[in-house]
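Visitor: Dropping a structure here in structure tokens format, bear with me for questions.
The values are calculated or read from the model by the stated rules, or taken from the named source; none is laboratory data. A quick note: this is a predicted structure, and the numbers were derived from the prediction, not measured. Cβ atoms come from the backbone with ideal geometry, glycine included; neighbour counts cover every protein chain shown.
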């Protein structure tokens, strides 16, 4: 049975929309569930502040949900747009866009939920400083959304760029690799950023006077956490915008696809590891602000070491693209 | 729940003000589809936020597993609501798609505008 190009594109768009929304819902749901669970604990601890805690939970959940709304936007575009049927490459672009956004929304949704949960618990502990804790949570949660924004941007580039002038092989693999690179690479930094923000909200509530320095270290920690997401985005951009000569061999497309997979998977661990390192530092700065300089230095050294495996993945991915 | 209602009222009214002024601004600049899209997206963003608040009573008091399941269910139902303006903008040229996308994040913009404004004023002072 033979199918026209248009049919393949439609099939890819529909399945990709399902993947985008399906994966996109996982992170936000876990994040929101975690927030609700922490809010329950907080209300049990301090029933008198139930209103304030519910308010924080609602606002935190609204932010945590952003990443899944990004996925919804891409899914709707995939379902209701008329894609050009000039080339089979469109099959790869639409599939890659959905995959990228779906995977990219997981980490950010969960990460934002962590900080919202910690804010609810913190407000139960220190109701007098609820506005500080809320501000802390909002900043932390907003930064957690960065990897999901990278995925959204990559998906938009894939959907709105005309690749039809390029050879089908190996460009199809480069485009799939691009989606996988940013999508997978967003998972770790999203989660890692959430760990740092969680510790910041917890620390700010434990010792409210340290809130400004805790927020500064949180932002520093989160910025380092996002580095591997940037590596993933970088590899995606190279795979999308570099022209590869036409080939009949299967080896070259697999190599390009593997470079995206290499960077994507390679960024998950360092993103989480760096986040765990930042979480420890922020937590202890709140408990012992006098040691902030030493703790920050230790955190940065620890982060640099945790980051190294992400750099290995970046180097191998670049070797696959440029050297092999 | 009173405090939740007050929070909803605060952010919904702020989002509506942003949407109306932003929409009017673009309509006056002769970018009607953009202005209309912004307002349409914002309306659905507000509806989504209100429903989010209403679902809180279901989640509170539930176990972690149950609250995660309830979240998944409410997310999917609210997805359907947020999909409506996106589908409208993809089907009708009177509404700009990108403006609708910005509009459905109007509540998040309203929430994050507060700390952003505070930070800016701190930097200035």
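Visitor: Name the residues in region B:89-125 that are more than 18 Å from residue A:159 (Cα to Cα) and over 20 Å from the mean Cα position of the chain (by Cα), would you?
Guide: B:92, B:93, B:94, B:118, B:119, B:120, B:121, B:122, B:123, B:124, B:125 - these are the residues of region B:89-125 that are more than 18 Å from residue A:159 (Cα to Cα) and over 20 Å from the mean Cα position of the chain (by Cα).
Conditions tested, residue by residue: (1) in contact with a strand residue (DSSP E or B) (Cβ under 8 Å, 6 or more places away or on another chain); (2) modelled with pLDDT under 85; (3) buried (at least 17 other Cβ atoms within 10 Å of the Cβ); (4) more than 11 Å from chain A (Cβ to nearest Cβ).
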{"position": "B:2", "(1), (2), (3), (4)": "no, yes, no, no"}
{"position": "B:16", "(1), (2), (3), (4)": "no, no, yes, yes"}
{"position": "B:31", "(1), (2), (3), (4)": "no, no, no, yes"}
{"position": "B:37", "(1), (2), (3), (4)": "no, no, yes, yes"}
{"position": "B:65", "(1), (2), (3), (4)": "no, yes, no, no"}
{"position": "B:76", "(1), (2), (3), (4)": "no, yes, no, no"}
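Visitor: Here's another thing I want to ask about it. Which of the residues that make up region A:75-89 are more than 10 Å from chain B (Cβ to nearest Cβ) and crowded, with 24+ Cβ neighbours inside 10 Å? Give the derivation first.
Guide: Keep residues of region A:75-89 that are more than 10 Å from chain B (Cβ to nearest Cβ), which gives A:78, A:83-89.
Matches in region A:75-89: A:78 only.
Visitor: Still on this structure, I have one more. Can you pull out the residues in region A:26-38 that are surrounded by fewer than 24 Cβ atoms within 10 Å (Cβ to Cβ) and either more than 26 Å from the chain's Cα centre (by Cα) or more than 7 Å from chain B (Cβ to nearest Cβ) (or both)?
Guide: The one that is surrounded by fewer than 24 Cβ atoms within 10 Å (Cβ to Cβ) and either more than 26 Å from the chain's Cα centre (by Cα) or more than 7 Å from chain B (Cβ to nearest Cβ) (or both): A:26.
Visitor: Still on this structure, please answer the following. Which residues, counting only those in region A:96-142, are under 21 Å from residue A:233 (Cβ atoms) and surrounded by fewer than 24 Cβ atoms within 10 Å (Cβ to Cβ)?
Guide: Listed by number, the list holds a single entry, A:142.
Visitor: Here is a further query. Going through A:62, A:42 one at a time, which residue ends up being more than 16 Å from the chain's Cα centre (by Cα), crowded, with 21+ Cβ neighbours inside 10 Å, assigned to a helix (DSSP H, G or I) and touching a residue at least 24 places away in the same chain (Cβ under 8 Å)?
Guide: A:42
Visitor: Got a sec? Which of A:41, A:54 is at the interface with chain B (Cβ under 8 Å from one of its Cβ atoms) and touching a helix residue (DSSP H, G or I) at 6+ places or on another chain (Cβ under 9 Å)? Before the answer, list the steps.
Guide: Numbers: A:41 fails: at the interface with chain B (Cβ under 8 Å from one of its Cβ atoms).
Just one listed residue meets the conditions, A:54.
Visitor: Among the residues of region A:254-267, count how many are farther than 21 Å from residue A:244 by Cβ and buried (at least 24 other Cβ atoms within 10 Å of the Cβ). Lay out the reasoning, then the answer.
Guide: At the first step, the residues of region A:254-267 found to be farther than 21 Å from residue A:244 by Cβ are A:265-267.
Now narrow it down to the ones that are buried (at least 24 other Cβ atoms within 10 Å of the Cβ): A:266-267.
Qualifying residue count, region A:254-267: 2.
Visitor: Can you confirm whether residue A:104 is modelled with pLDDT of 90 or more, closer than 25 Å to residue B:69 by Cβ and more than 9 Å from chain B (Cβ to nearest Cβ)? Don't jump to the end; show me each part of the working.
Guide: On the way: modelled with pLDDT of 90 or more: yes; closer than 25 Å to residue B:69 by Cβ: yes; more than 9 Å from chain B (Cβ to nearest Cβ): yes.
Answer is yes for this residue.
Visitor: If you go through region B:88-115 one residue at a time, how many are loosely packed, with under 14 Cβ neighbours inside 10 Å and free of Cβ contacts under 8 Å to residues at least 12 places away in the same chain?
Guide: At the first step, the residues of region B:88-115 found to be loosely packed, with under 14 Cβ neighbours inside 10 Å are B:91-94.
Remaining after also requiring free of Cβ contacts under 8 Å to residues at least 12 places away in the same chain: B:91-92.
Count: 2.
Visitor: Another question, then. For region A:65-102, which residues satisfy the criterion of being in a loop (DSSP other than H, G, I, E, B) and within 28 Å of residue A:167 (Cβ to Cβ)? So that I can check it myself, show each step before the final result.
Guide: At the first step, the residues of region A:65-102 found to be in a loop (DSSP other than H, G, I, E, B) are A:65, A:81-88.
The answer is A:81, A:82, A:83, A:84, A:85, A:86, A:87, A:88.
Visitor: Let me ask something else. Restrict the check to region B:14-21 and report whether at least one residue is under 24 Å from residue B:113 (Cα atoms) and out of contact with any helix residue (DSSP H, G or I) (no Cβ under 8 Å at 6 or more places or on another chain). Working first, answer last.
Guide: First, the residues of region B:14-21 that are under 24 Å from residue B:113 (Cα atoms): B:14-21.
Pick out the ones that are also out of contact with any helix residue (DSSP H, G or I) (no Cβ under 8 Å at 6 or more places or on another chain) and you get B:17, B:21.
The answer is yes, given that some residue of region B:14-21 is under 24 Å from residue B:113 (Cα atoms) and out of contact with any helix residue (DSSP H, G or I) (no Cβ under 8 Å at 6 or more places or on another chain).
Visitor: State which residue is farthest from residue A:112 (Cα to Cα) when the search covers only region B:103-114 and only residues that are touching a helix residue (DSSP H, G or I) at 6+ places or on another chain (Cβ under 6 Å) and more than 7 Å from chain A (Cβ to nearest Cβ).
Guide: B:103
Visitor: Another question about this same structure. Kindly evaluate residue A:16 against the criterion of being crowded, with 21+ Cβ neighbours inside 10 Å, in contact (Cβ under 8 Å) with a residue 24 or more places away in the chain, more than 10 Å from chain B (Cβ to nearest Cβ) and part of a helix (DSSP H, G or I). Step through it out loud before you land on a result.
Guide: Working: crowded, with 21+ Cβ neighbours inside 10 Å: yes; in contact (Cβ under 8 Å) with a residue 24 or more places away in the chain: yes; more than 10 Å from chain B (Cβ to nearest Cβ): yes; part of a helix (DSSP H, G or I): yes.
Taking the combined requirement at face value, the residue satisfies it.
Visitor: Residue by residue through region B:39-63, note down the ones that are free of Cβ contacts under 8 Å to residues at least 40 places away in the same chain and away from chain A (no Cβ under 14 Å).
Guide: Here is the first cut: in region B:39-63, the ones free of Cβ contacts under 8 Å to residues at least 40 places away in the same chain are B:47, B:51-52, B:54-55, B:58-63.
Passing the criteria: none in range.
Visitor: While we're here: Let me spell it out: the conditions are (1) out of contact with any helix residue (DSSP H, G or I) (no Cβ under 7 Å at 6 or more places or on another chain); (2) modelled with pLDDT under 90, and residue A:10 meets all of them except one. Which number is the exception?
Guide: (2)
Visitor: Does residue A:183 fit the bill of being surrounded by 24 or more Cβ atoms within 10 Å (Cβ to Cβ) and either under 23 Å from residue A:31 (Cα atoms) or over 21 Å from the mean Cα position of the chain (by Cα) (or both)?
Guide: Values: surrounded by 24 or more Cβ atoms within 10 Å (Cβ to Cβ): yes; either under 23 Å from residue A:31 (Cα atoms) or over 21 Å from the mean Cα position of the chain (by Cα) (or both): yes.
Against the criterion (surrounded by 24 or more Cβ atoms within 10 Å (Cβ to Cβ) and either under 23 Å from residue A:31 (Cα atoms) or over 21 Å from the mean Cα position of the chain (by Cα) (or both)), residue A:183 qualifies.
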